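Single-structure report; data block below.
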Amino acid sequence: MFDTETTGLNPLTAELVGIAFSWEVGKGFYLPFPENKTEAQELIEQLRPFFESESIEKVGQNLKYDIKVLAKYNVEVKGKLFDTMLAHYLINPDMRHNMDVLAETYLNYTPISITELIGKKGKNQLSMRDVPLEKLTEYAVEDADVTLQLKEHFKNELGEANTQKLFDEIEIPLLRVLAAMELEGINLDKDFLNGLSEQLDKDIKALESKIYAEAGEEFNIASPKQLGIILFEKLKLVDKPKKTKSGQYSTAEDVLSYLAKDHEIIKNIIEFRGLSKLKSTYVDALPNQVEEITGRVHTDYMQTVAATGRLSSNNPNLQNIPIRTERGRQVRKAFIPRSEEYTLLAADYSQIELRIIAALSKEETMIEAFKNGEDIHASTASKVFNVPIEEVTREQRSNAKTVNFGIIYGVSAFGLSNQTNLSRAESKELIDTYYATYPKLRSFIHEQVDFARDNGYVQTVLGRRRYLKDINSRNAVVRGAAERNAVNAPIQGSAADIIKIAMINIYNKLQEGNFKTKMLLQVHDELVFDVYKPELENVKTLVKTEMESAFKLEVPLDVDLDTGDNWLEAH
DNA sequence: GCGATCACGTA
DNA sequence: GACGTACGTGATCGAA
């Protein structure tokens, strides 16, 4: 077992301060590293045979971090891996997985906390370098020991939860794939974003003046509190304004959009909000996230956060780059290939969640539609509105699409009527007709809820579990939420399983084939590659084949590919 | 300087 | 009476 101690959380800039080792519960040692880089490199060279040994199993807590740190020292971590954080994620995805919590829960022990060592995060926080060797040794070796003890605990529990395969064949191999993607990073066109920023600034300022004029005074539009008072006390736009749970006036988008058609100020506020969000969160923030060393943006994928099995992305979050609005999609133009010899390839699963629910429910009508390559929303519309598929109107298709997605989340008539132009009664009727059209979908949903009631959990196609402690709650609201989770988690989670398989297989093939092409991003149902142009045709075939054959369902998986000189063109 | 709240971006 | 899943980030604002 090993655990690196470094000068920071960013593996690209972090320097090794030391490494703790433990090979037997209760035993361990700590190897401090010199501050001098040449000397540090000399020391790590002596450990290279250990790290690069195929036969020595490596145990750690969040090994992706250690692997990335060591990669910057040009050391590869080979051999079998056991990550206690990943193990616990499979054992109970809804809990937290940091070592302090795990030690307290499973070993009834409280290790020395990092804040005890270096203080709370902030200006006055020390660097690991500043911690006296004796204290640091105790801390580091304790962590190593605790991790090894946790491993002893978790290796049996994985078997009991039937998730051993998922651990060995998905999460552990994926950790290496994610480390490689994160180290790679993606090229960003800063100049382009600076240009966007100036345009946005002009438009935001213009909207600001209009809003002040309409309000009759200047105030902070970005403050929901001040905005609420202007709209609902000064201008009295509605009789009974909706409040948030803390008693403020709600100025949320869905509340404001009701008022937009009658009030120019509301339209301007909605636009102001959209543009401000775009500017602050993306256009201005992204250039600051470019790493100096590489000149690229390196996200950090969280492998143990989403309870369903999905990844999440942060610093920066590259899984929520705008696409829906014309203004927003411009941001995607800033994500570009590494050089002129490269092009971006985006590959996304078409309707993967609907295909999964069709296959798992064995709903033949829907399966057939997918097998025939039909537009699934048009096909649904044609059936529920009882018109030939070529006569489906835009509105019918749109409503069918809303129901199709809603089904995956456990939508109610209320929710549907809120999302569409349909009344409550019309929504109810549509849902009833929908279930009459796809009867096995309804029984599938009930089976999931029943399974959860009987077993306390639901699972994905690969046996990834989500425990639902509230499934038998007497509180109908709480129980309803658990029931929706019982339906959604296997669907969303199975899609996550499938793309993870594809990522591992694609990564391995690109490695084996010595491709210059690199996988860069994952956005739940999409993978983005930086493709060396001479490899394009091979890579396209490889990616499509691996993604479509990652998991065999009764429904074909379909992947759309596109390339371009930026992420917008490629999508 | 922190955490809660609100709002809003994605699949 | 509430009322569709899963996330992360930025701005504000009140309490330290």
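Observations, loosely collected:
- Selection of first residues in segment A:158-179 that are more than 24 Å from residue A:518 (Cα to Cα) and of second residues that are open to solvent by 40 Å² or more (accessible area, probe 1.4 Å) and among the polar types (S, T, N, Q), restricted to Cβ pairs under 7 Å at least 6 apart or on distinct chains, gives the following pairs, ordered by first then second residue: A:158/A:164.
- Residue A:255 vs. criteria within 14 Å of DNA strand B (Cβ to nearest atom) and closer than 24 Å to residue A:419 by Cβ: yes
- With respect to the stated conditions, residue A:336 fails to be modelled with pLDDT under 95 and of a type in the set (Val, Ile, Thr).
- Options A:537, A:546: the member that is crowded, with 19+ Cβ neighbours inside 10 Å, free of Cβ contacts under 8 Å to residues at least 60 places away in the same chain and of a type outside the set (A, V, I, L, M): A:546
- Pick from segment A:277-321, criterion within 19 Å of residue A:192 (Cβ to Cβ), out of contact with any strand residue (DSSP E or B) (no Cβ under 9 Å at 6 or more places or on another chain) and β-branched (Val, Ile, Thr), ranking: nearest to DNA strand C (Cβ to nearest atom): A:281
- Picking from residues in segment A:229-245 that are farther than 23 Å from residue A:418 by Cα and open to solvent by 30 Å² or more (accessible area, probe 1.4 Å), the one that is nearest to DNA strand B (Cβ to nearest atom) is A:229.
- Taking segment A:1-117 and the helices (runs of 4 or more DSSP H) fully enclosed by it, the elements with 1 or more residues that are in contact with a Pro (Cβ under 9 Å, 6 or more places away or on another chain) are at A:37-51, A:63-72, A:99-107.
- From the options A:108, A:92, residue that is open to solvent by 60 Å² or more (accessible area, probe 1.4 Å) and assigned by the TED database to the domain that holds residue A:140: A:108
Yes/no per residue for (1) hydroxyl-bearing (Ser, Thr, Tyr); (2) assigned by the TED database to the domain that holds residue A:541; (3) free of Cβ contacts under 8 Å to residues at least 40 places away in the same chain; (4) open to solvent by 20 Å² or more (accessible area, probe 1.4 Å):
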{"site": "A:336", "(1), (2), (3), (4)": "no, yes, no, yes"}
{"site": "A:343", "(1), (2), (3), (4)": "yes, yes, no, no"}
{"site": "A:358", "(1), (2), (3), (4)": "no, no, no, no"}
{"site": "A:363", "(1), (2), (3), (4)": "no, no, no, no"}
{"site": "A:371", "(1), (2), (3), (4)": "no, no, no, yes"}
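The values are calculated or read from the model by the stated rules, or taken from the named source; none is laboratory data. Just so it is clear, the model here is predicted, and its values are computed rather than measured. Please note: Cβ atoms are built from the backbone with ideal geometry, for glycine as well, and neighbour counts cover all protein chains shown. Keep in mind that these areas ignore ligands, DNA and RNA; they rest on the heavy atoms of the full protein, side chains included. Shrake-Rupley method; radii C 1.70, N 1.55, O 1.52, S 1.80 Å.
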